[in-house]
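The values are calculated or read from the model by the stated rules, or taken from the named source; none is laboratory data. None of these values were measured; they are calculated from a predicted model. Ideal geometry is used to build each Cβ from the backbone, glycine not excepted, and the neighbour counts take in all protein chains shown. Calculation scope for accessible area: heavy atoms of the full protein, side chains included, ligands and nucleic acids excluded. Shrake-Rupley method; radii C 1.70, N 1.55, O 1.52, S 1.80 Å.
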Amino acid sequence: MDANHSPEPASGPTPDPASDARSGPTPDPASDPAAGVAPAPAPAPAPDPAARSAPGPAPAPAPDSAIGLHGLRFAFGTLTVLPVRVTRWDRTAARAGMLCAPLAGLVVGLAAAAAGGLILLLGGGPLLAAVATAAVPAVLTRGLHLDGLADTADGLGSGKPAADALRIMKQSDIGPFGVITLLFVLSAQIAAVYELYAQSWPRGAAAAVLSAVAARLALTLASRPGVPAARPEGLGAAVAGVVPAPGALAVAATTAAVCAGAAGALFGALGALHHALALAVGLLAAQALLRRCVRRFGGVTGDVFGALAETAATAAVVALALA
């Protein structure tokens, strides 16, 4: 109550709220936060057209170390059954993976050589050691390369147009061409490794490593530009044309130099030349098959890649045994 006014009698008229200081002026909801009503928001400024059209910062590219790690995962995750999870499935990872493919072959070859050495150490003969050596790559690829070889043989031997041949290759069963091809290829691999184990374990072990590396290097070379995919899906479509020609040649030269150097340290200069030539023979055989498949099917598929790997491995190990 205002101190400048005297109290009215109880029977008097009702006090005027405008003269009661306790009632005070009516608060403005727009300006008094205590009134319980949120103030009206101020109008937003108009956006600057220049700022709206300006592009945002480009995403930072992945470092080379990360790409290399994804490439190793891609190589081991697609070319072996080792418990490696493929974290990226794109063209960049595929390019790095196919450049790393010979490393996957090195691991498979070392495992195959170790299996043969273990059989010999346990008292087994060179024939049994050769069988074990040939079995390890099949196990470490879950037989997919051999299956691709059989499917490719069925497709090439069918005499059908490209679309029909690709459909035959996609079927789960194996035809007569595939069975005959598997029989001769596995027999040639076992016989060649047997001949080398009969000479010494190091020669057989070197052949196992060289053949596995040649198999994966053939895939690197088959992923160069100019080699199309026969289907829009699958491994062939993922890796077709991803490896630049200079990169493929650099990997091939580096791999040949390492193989020749290792063979030279074990068997001398003649052994280095022999292993380098065997690697070249394997790659040339795979390239001849690649050209045939591209003409016949219109490109490459996962089955064709498996056939290339087995062809390169077989030709390389046979070339070593023929010395």
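Results, tabulated for the structure shown:
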{"read-out": "Segment 114-262 - percent of accessible surface contributed by carbon and sulfur, probe 1.4 Å", "value": "72 percent"}
{"read-out": "Cβ-defined net charge surrounding L219, 13 Å radius [Lys, Arg +1; Asp, Glu -1]", "value": "+1"}
{"read-out": "Contour excess over end-to-end distance, with Cα ends at F184 and E233 and 0.36 nm allotted per residue", "value": "14.6 nm"}
{"read-out": "Hypothetical label at S200: residues of segment 243-275 whose amide nitrogen lies under 17 Å (7 Å Cα-Cβ projection)", "value": "260-275"}
{"read-out": "Surface accessible to a 1.4 Å probe, per residue, for the residues of segment 237-311, Å²", "value": "40 Å²"}
{"read-out": "Placed amide H near A229: partners under 5 Å, 5+ positions off or other chain", "value": "V300"}
{"read-out": "Table column - 3J(HN,Hα) (Hz), segment 72-83, Karplus curve with 6.51, -1.76, 1.60, x for Gly and Pro", "value": "5, 4, 5, 5, 6, x, 9, 9, 9, 9, 4, x"}
{"read-out": "Note, ³J(HN,Hα) from phi for segment 237-250, Karplus 6.51, -1.76, 1.60, rounded to Hz, x at Gly and Pro", "value": "5, 6, 10, 4, x, 7, 9, x, 4, x, x, 5, 5, 5"}
{"read-out": "Under Karplus coefficients 6.51, -1.76 and 1.60, residue-wise ³J(HN,Hα) of segment 141-150 in Hz, glycine/proline x", "value": "10, 6, x, 5, 5, 5, 5, x, 4, 5"}
{"read-out": "Solvent-accessible area per residue, Å², over segment 71-195 with all protein chains present [probe radius 1.4 Å]", "value": "48 Å²"}
{"read-out": "Centre separation in Å (Cα based) which lies between segment 199-257 and segment 287-302", "value": "15 Å"}
{"read-out": "Gyration tensor (Cα) of segment 260-304, equivalent ellipsoid semi-axes in angstrom", "value": "33, 9, 5"}
